[in-house]
Amino acid sequence: QVQLVESGGGLVQAGGSLRLSCAASGSRLSINTMGWYRQAPGKQRELVAIIISGGRPNYADPVKGRFTISRNNAENTVFLQMNNLKPEDTAGYYCTEVVGFSVYWGQGTQVTVSS
């Protein structure tokens, strides 16, 4: 049974940084595609960043140059380093893992950026 648990969200001022973590269990993170999505109130969930096993990370245009996705395979954890945060980055952030033909989601962690 795959479980994903996010942590690291919180309240930060514009221009600040946060580092989100997603701990995976029940899967081999090193061989799977991992991603971060976000959803703001009243908006659709959108892809933020994705990292494919053995491939280069990809980022949504609004976060390019500010966010970095990385993984620690030994700890089965994926991270999202968020720098120069903006109020428009305020959202619930969700970790996702693709295992075969199944997609698993974490419960989400809230990021709030004040102006």
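The values are calculated or read from the model by the stated rules, or taken from the named source; none is laboratory data. These numbers come from a predicted model, not from an experiment. Heads up, the Cβs are rebuilt from the backbone with ideal geometry, glycines too, and the neighbour counts pull from every protein chain shown. When the accessible area is computed, the model is the full protein with side chains, heavy atoms only, and any ligands, DNA or RNA have been set aside. Shrake-Rupley method; radii C 1.70, N 1.55, O 1.52, S 1.80 Å.
Of the conditions (1) in a strand (DSSP E or B); (2) at pLDDT 95 or above, K43 clears all except one; give me its number.
Among (1) in a strand (DSSP E or B); (2) at pLDDT 95 or above, K43 violates only (1).
Since L85 meets every condition but one in (1) hydrophobic (A, V, I, L, M, F, W, C); (2) open to solvent by less than 60 Å² (accessible area, probe 1.4 Å); (3) more than 18 Å from Q3 (Cβ to Cβ); (4) under 12 Å from the mean Cα position of the chain (by Cα), which condition does it not meet?
The one condition L85 does not meet is (4).
Could you list, in sequence order, all residues of the range 46-82 that are of a type in the set (S, T, Y), surrounded by fewer than 17 Cβ atoms within 10 Å (Cβ to Cβ) and either in a strand (DSSP E or B) or modelled with pLDDT of 95 or more (or both)?
Quick first cut of the range 46-82, residues of a type in the set (S, T, Y) only: 53, 59, 68, 70, 77.
After this cut, where a residue has to be surrounded by fewer than 17 Cβ atoms within 10 Å (Cβ to Cβ) as well, the list is 53, 68, 70.
Across the range 46-82, the qualifying residues are T68, S70.
For G65, all conditions in the list (1) in contact with a strand residue (DSSP E or B) (Cβ under 7 Å, 6 or more places away or on another chain); (2) at positive phi hold save one; what is the number of the exception?
The number of the failed condition is (1).
Given L20, L11, which one is out of contact with any Lys or Arg (no Cβ under 9 Å at 6 or more places or on another chain) and either assigned to a loop (DSSP other than H, G, I, E, B) or surrounded by 14 or more Cβ atoms within 10 Å (Cβ to Cβ) (or both)? Please lay out each step first, then the result.
Working: L11 fails: either assigned to a loop (DSSP other than H, G, I, E, B) or surrounded by 14 or more Cβ atoms within 10 Å (Cβ to Cβ) (or both).
The unique qualifying residue is L20.
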